[in-house]
1. Could you pull out the GluC sites (Glu not before Pro) across region A:63-158 that fall in loop regions by DSSP (anything but H, G, I, E, B) with no more than 16 other Cβ atoms inside 10 Å?
2. Residues of chain B: accessible area per residue at 1.4 Å, in Å²?
3. Give, in nm to one decimal, the length gained when the segment between B:Q448 and B:K254 is fully stretched (0.36 nm per residue of separation minus the Cα-Cα distance).
4. Check each residue of region B:298-334 and keep those whose accessible area, probe 1.4 Å, is at least 30 Å² smaller with all protein chains in place than in the chain alone; give them in order of residue number.
5. Residue-wise, which Karplus ³J(HN,Hα) couplings in Hz belong to region B:149-157, taking 6.51 cos²θ - 1.76 cosθ + 1.60, θ = phi - 60°, and x for glycine or proline?
6. State the Cα centre-to-centre distance between region B:379-407 and region A:389-423 in whole Å.
7. Test of understanding: what is the full-extension gain from B:S278 to B:V214, defined as 0.36 nm times their sequence separation minus their Cα-Cα distance?
8. Would you kindly derive the ³J(HN,Hα) couplings of region A:89-98 from the backbone phi angles with the Karplus curve 6.51 cos²θ - 1.76 cosθ + 1.60 (θ = phi - 60°), listing them in order in whole Hz, with x for Gly and Pro?
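The values are calculated or read from the model by the stated rules, or taken from the named source; none is laboratory data. These numbers were taken from a predicted model, which means no experiment stands behind them. Note that each Cβ is placed from the backbone with ideal geometry, even for glycine, and that neighbours are counted across all protein chains shown. Each accessible area value is taken on the protein alone, full model and side chains, heavy atoms only, with ligands, DNA and RNA left out. Shrake-Rupley method; radii C 1.70, N 1.55, O 1.52, S 1.80 Å.
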Protein chains: 2
Amino acid sequence: MQKPLPAKGTRDFGPIQIYKRNYILDIIKENFTKYGYFPLETPSFEKTSTLLGKYGDEGERLIFKILKSGNFLNGLNPDKLNFEDVSNLANNICDKALKYDLTVPFARYVSQNFNELIFPFKRSQIQNVWRADKPQKGRFREFLQCDADVIGSKSMMQEIEFIYLFDNVFNDLHLNGCIIKLNNRKLLLGLCEILDCQDKFSILVNQLDKLDKVESKKIKDNLKIKGFSSNQIDSIFDLIAKSYNINSNMDYFKNFFEKSIIGSQGLHELEFIFNYFSKQKLLISSLVFDMSLARGIDYYTGVIFEVVQKNKSYGSIAGGGRYDNLTEIFGVNDTSGIGISFGLDRIFLTLDELKLFPEFKSKMVKVLFTNFGTDFTEDIIKFTTAFRNAGIISDFCPDFIPLKKQLKYANQKEITFVILYGEEEKKSKIFTLKHMKSGDQEKLSFDQLISKLKNG
Amino acid sequence: MQKPLPAKGTRDFGPIQIYKRNYILDIIKENFTKYGYFPLETPSFEKTSTLLGKYGDEGERLIFKILKSGNFLNGLNPDKLNFEDVSNLANNICDKALKYDLTVPFARYVSQNFNELIFPFKRSQIQNVWRADKPQKGRFREFLQCDADVIGSKSMMQEIEFIYLFDNVFNDLHLNGCIIKLNNRKLLLGLCEILDCQDKFSILVNQLDKLDKVESKKIKDNLKIKGFSSNQIDSIFDLIAKSYNINSNMDYFKNFFEKSIIGSQGLHELEFIFNYFSKQKLLISSLVFDMSLARGIDYYTGVIFEVVQKNKSYGSIAGGGRYDNLTEIFGVNDTSGIGISFGLDRIFLTLDELKLFPEFKSKMVKVLFTNFGTDFTEDIIKFTTAFRNAGIISDFCPDFIPLKKQLKYANQKEITFVILYGEEEKKSKIFTLKHMKSGDQEKLSFDQLISKLKNG
């Protein structure tokens, strides 16, 4: 019989992976709380009407649809089914879909509960999302997103708050070398305005978004093919180069963007942020302006962020940005918001490679009672229970098998101590405690045992 | 525009619900760890081949199937599709399904990793499962299961361990009045053997399983309709009545089951457990024998458990039992196991009604900086950041709106203190701290503020 496997692009997580993931998640959650982002959880699937039409064609192809329960053909006439239009057919036989991100369900929640919510409304959300992507290293079909958003205020104080939040999380994770990149969609819009190519804004965002994976020569070629002139391309890349050194080039930028109202506004917003952080220090991260930062997602309209770790090439480990009218899709207008997201899988890979995870020894079994047969069974359960009630992670061998096998079991499970409890020990009420690594044994009373195991 | 709603049978969870759920889950997790049940997580969906054929016809109808990505008709000839056989058609266009329980994916995991696992293998698993059930009070289409299982040992010490685990969890939850009901599938098998109705074992289990919802008269009628004789029915219900008082009736039971090897064995196993607990005390629960306990799920073969809270009628809040050869379905034989499951939603309802949840005040925002305009913006962010770095959950008003509105916002969000920071305070570096409930104000330096907010 062939061994059954998990579905493509999905993973099982064992204890150590779970402890490591929770180590990251607990730090993120703690900071979300400290910053007043309270948790929200939405269902794993939504009505298709909630999700469809929100992610563009490319995103929509990646949504997992759930077949209607019962007779999914109910109400459909088989003779009239159009087998050419597969996508339409799918929407006829599926009425639910797994969530593709946390943002659209969040927008659904806000619009549904609009009258009860208190604005500015801050929420965090840490849940799985699903995408029918081609699986590859670090990319899965089921993965956890860790989001925080605040909606209902246009204040730039929120942008500064999120920069601090990034910094706090990575500081708590002891992850040195984090670079928080900043840009503003308004600058990119202004740029297109000034270069007179507003119609090609999406193409530009799309191409810039690939700059961390594709060399710039290739991006320039692509832009040319898509109809940008050489002059336009030179201007764009000149501005990108100058952005890395904004302190010296601020006057140049001011001049350049003077001709565009939205561009000037974008620059002014960034200046507010950089001005603030010229006086205030971050704990562990550095903050840089990067005019090439684009964020491939359509709904951003203002400041955008991305965090990278400078020595590791897993791409961004966090990101986000400001969006206007995200909830517009559900009929609620004028609710500017800003949100960020931590990339758990990439943070995991980075910490793992840099050996930044703590040990999880305290979650392992500390002591194992060996089993010398039915005469001792009741005592063993009784003592193990007393240990557990004292907060000691402990276990027993449920079966009377050769002692050698019991010790092997303890070793395989990396248990620190075993207790030998046989005829002699039962009579004397003195237990033999064996340290598995050193092989040392000592004789202890029950109270001594408890105190040794609690502290040792 | 109509407000969008979540899909039928699913729920959004806000902060308080999440804190309450996590309060229960943390206690369950802590005990799982203390007992050496280490966490496992499996994907939300499995290949249909893994899930189908495992839950019987009734269960299988409730499995949510996921449409193949891309052209789901690929390889199918539309002309040859049989629109009458909807279930077969579904299996042709779906290759994945949401998990229906945690047990089958666990069995898949064990069989897949059999050679690497150390037996007895103990694992806990707390994850969502999905069922296309008709939603009703306390029953949802997406819900969390909290399981612990140990496989690879036939020792009755495991049964005793799980009784302690139940008791520990409910003790930590301060849930008085829990009754742990015990029975043994072997007794029910033996009963059918002795009454010469082995062919009707499943019918008996199925009917007994309904006894907590349906009155016994109706169950007796059902049994009659299904072919049980009046004598058989009388014997069954006589035995059930006697089981509630096993101490006085043990001899009767021994006599009764003498004629059946499996029945005697089942009684002997229960005797071992009751004998143990006649000498050892549980912390909060009482342990009773209930011959009517059946557990409707097919795979149990030995001792079965169910926990109810005596004053609340939400049905069982936990359950479980021993099963032989669960992994047989995936080609791995002879791995007897035993597992339990906590019903989060029902425990939630019970604690909520009995007002047994703690307060979550410590997770709320403690202090809010009011906003007196752009002159104060930078200071406010700076101070709030210092508070957060000191571990105080704090926030600011991002917008310069009338103070009255800011105070209303603080009240709505149940924030304990606000800080007034205007012209005067900026000059004197003395802050005005206002207690929202009492209206009291005091003047404090920054250091005094921090120390007051950390401790007060």
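1. Answer by residue number: A:E84, A:E116.
2. Accessible area per residue, chain B: 44 Å².
3. Additional length available on full extension: 62.4 nm.
4. Output list: B:F330.
5. 9, 10, 10, x, 9, 9, 4, 5, 4
6. Taking the Cα centre of region A:389-423 as reference, the centre of region B:379-407 is 54 Å away.
7. Going from the current span to full extension adds 19.8 nm.
8. Each residue of region A:89-98 in turn: 4, 4, 5, 7, 9, 10, 10, 9, 8, 5 Hz.
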